[in-house]
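Trainee: Once you've had a glance at the structure underneath, I'll fire off some questions.
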C-alpha cells in the first residue's frame, strides 16, 4: 500500500473536471492507501466554514466516507483555503495539519509544507500572507456578510494572477537558501510541498549531506499525485 500526497487541486465550480477526478481518486485508488495527505489549496477559495457550497459539500462528504472506510485523511491549509477551519475538518473526518509539520515517513523524518513560506523572495506576497493569517484580521473578515467575503476572494484571485504575471518566475518559485535553512531548522533531509505548480523531485546538498525536495503538481492540467511506499516515491498522475 502507498501513502498518497496531493496539493493545489484548486477545486471550483468552474472546473468540474478536476472535482470529478478527485472524487474518482477518493472512491478508487485512495481506498487501498495507507493514508491521504492534502497539502493545501484543496479549494480555489474558502471564505468560511459557514458556506461549504459546491464542490465543498460533496468533496467533504467523500473525504469523510474515505476516512470512515479506514484510510486516515490529513488536511493542510494553503494560500487559497487558509480559512478552512477545525469545524469543517471535523465534518470531513480529517485531521488538520499545521504548516510546516514533520512526519516520520518509512523511518525517515519528512517535512510537509504547503510551500508558500519557501517563496521568501516574493516579499509582496509574504506581506499579504502575514496580514491574512493574523487572527484579528480573520475574525474581522469572517464577521462580514457572505457576499462581501466572496467578493473579496474574487478580487484577491484577480490580484494574485496579475501579480504572478508581473514578477519574474524565479521570484514566485522557492528561494534555495530558504529551503536549505528550513531543512536545517527542522533537522530533516526530505521535504514535500506544493504551491509552486512545478512538479519535480530535486536532489540537493545541505551541510554536506544529501537531501531531497519533492514538489507536488497542481490539478489544472493534470491530476498530480505522489505515491510513497517503503521502496521510494513515484510522482505522476491518475
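Trainee: Tally the residues that are over 13 Å from the mean Cα position of the chain (by Cα), part of a strand (DSSP E or B) and touching a residue at least 12 places away in the same chain (Cβ under 8 Å), restricting the search to segment 181-213.
Mentor: Number satisfying all stated conditions: 12.
Trainee: Which residues, counting only those in segment 74-87, are touching a strand residue (DSSP E or B) at 6+ places or on another chain (Cβ under 9 Å) and buried (at least 20 other Cβ atoms within 10 Å of the Cβ)?
Mentor: 74, 75, 76, 77, 78, 80, 81, 84
Trainee: Can you give me the number of residues within segment 95-118 that are part of a loop (DSSP other than H, G, I, E, B) and buried (at least 22 other Cβ atoms within 10 Å of the Cβ)?
Mentor: Filtering segment 95-118 down to residues part of a loop (DSSP other than H, G, I, E, B) leaves 98-100, 106-107, 113-115.
With the extra rule that they be buried (at least 22 other Cβ atoms within 10 Å of the Cβ), the set shrinks to 113-115.
Result for segment 95-118: 3.
Yes/no matrix, rows are residues, columns are (1) touching a helix residue (DSSP H, G or I) at 6+ places or on another chain (Cβ under 7 Å); (2) more than 24 Å from residue 195 (Cα to Cα); (3) crowded, with 20+ Cβ neighbours inside 10 Å:
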| residue | (1), (2), (3) |
| --- | --- |
| 30 | yes, no, yes |
| 39 | no, no, yes |
| 44 | no, no, no |
| 49 | yes, no, no |
| 56 | no, no, yes |
| 62 | yes, no, yes |
| 65 | no, yes, no |
| 72 | no, no, no |
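Trainee: Do the conditions hold for residue 163, that is, is it under 21 Å from residue 121 (Cβ atoms), surrounded by 14 or more Cβ atoms within 10 Å (Cβ to Cβ) and over 16 Å from the mean Cα position of the chain (by Cα)? Break it down stepwise before answering.
Mentor: Values: under 21 Å from residue 121 (Cβ atoms): yes; surrounded by 14 or more Cβ atoms within 10 Å (Cβ to Cβ): yes; over 16 Å from the mean Cα position of the chain (by Cα): yes.
In short, yes.
Trainee: Of the conditions (1) closer than 22 Å to residue 185 by Cα; (2) within 17 Å of the chain's Cα centre (by Cα); (3) part of a helix (DSSP H, G or I), residue 130 satisfies every one except a single condition; which number is it?
Mentor: All conditions are met except number (2).
Trainee: Moving on. When the residues of segment 203-217 are narrowed to those that are in contact with a helix residue (DSSP H, G or I) (Cβ under 9 Å, 6 or more places away or on another chain) and surrounded by 13 or more Cβ atoms within 10 Å (Cβ to Cβ), which ends up nearest to residue 6 (Cα to Cα)?
Mentor: Filtering segment 203-217 for residues that are in contact with a helix residue (DSSP H, G or I) (Cβ under 9 Å, 6 or more places away or on another chain) and surrounded by 13 or more Cβ atoms within 10 Å (Cβ to Cβ), the one nearest to residue 6 (Cα to Cα) comes out as 213.
Trainee: Please determine, by comparing only the residues of segment 218-238 that are assigned to a loop (DSSP other than H, G, I, E, B) and in contact (Cβ under 8 Å) with a residue 40 or more places away in the chain, which one is surrounded by the fewest Cβ atoms within 10 Å (Cβ to Cβ). It would help to see each step written out before you state the result.
Mentor: The first filter runs over segment 218-238 and keeps only residues assigned to a loop (DSSP other than H, G, I, E, B), leaving 218-224, 230-231, 237-238.
The next check asks that each one be in contact (Cβ under 8 Å) with a residue 40 or more places away in the chain; those that pass are 218-220, 223-224, 230, 238.
Numbers: 218: 21, 219: 26, 220: 13, 223: 20, 224: 23, 230: 9, 238: 13.
Ranking the qualifying residues of segment 218-238, first place goes to 230.
Trainee: How many residues does segment 5-24 hold that are surrounded by fewer than 21 Cβ atoms within 10 Å (Cβ to Cβ) and within 15 Å of residue 73 (Cβ to Cβ)?
Mentor: 1
Trainee: With respect to the numbered conditions (1) touching a helix residue (DSSP H, G or I) at 6+ places or on another chain (Cβ under 7 Å); (2) farther than 17 Å from residue 96 by Cα; (3) modelled with pLDDT of 95 or more, which one is the sole condition not fulfilled by residue 13?
Mentor: Against the list (1) touching a helix residue (DSSP H, G or I) at 6+ places or on another chain (Cβ under 7 Å); (2) farther than 17 Å from residue 96 by Cα; (3) modelled with pLDDT of 95 or more, residue 13 comes up short only on (3).
The values are calculated or read from the model by the stated rules, or taken from the named source; none is laboratory data. Here the structure is a predicted model, which is why all the values come from computation and not from measurement. FYI the Cβ positions are ideal-geometry reconstructions off the backbone, even for glycines, and counts take in every protein chain you see.
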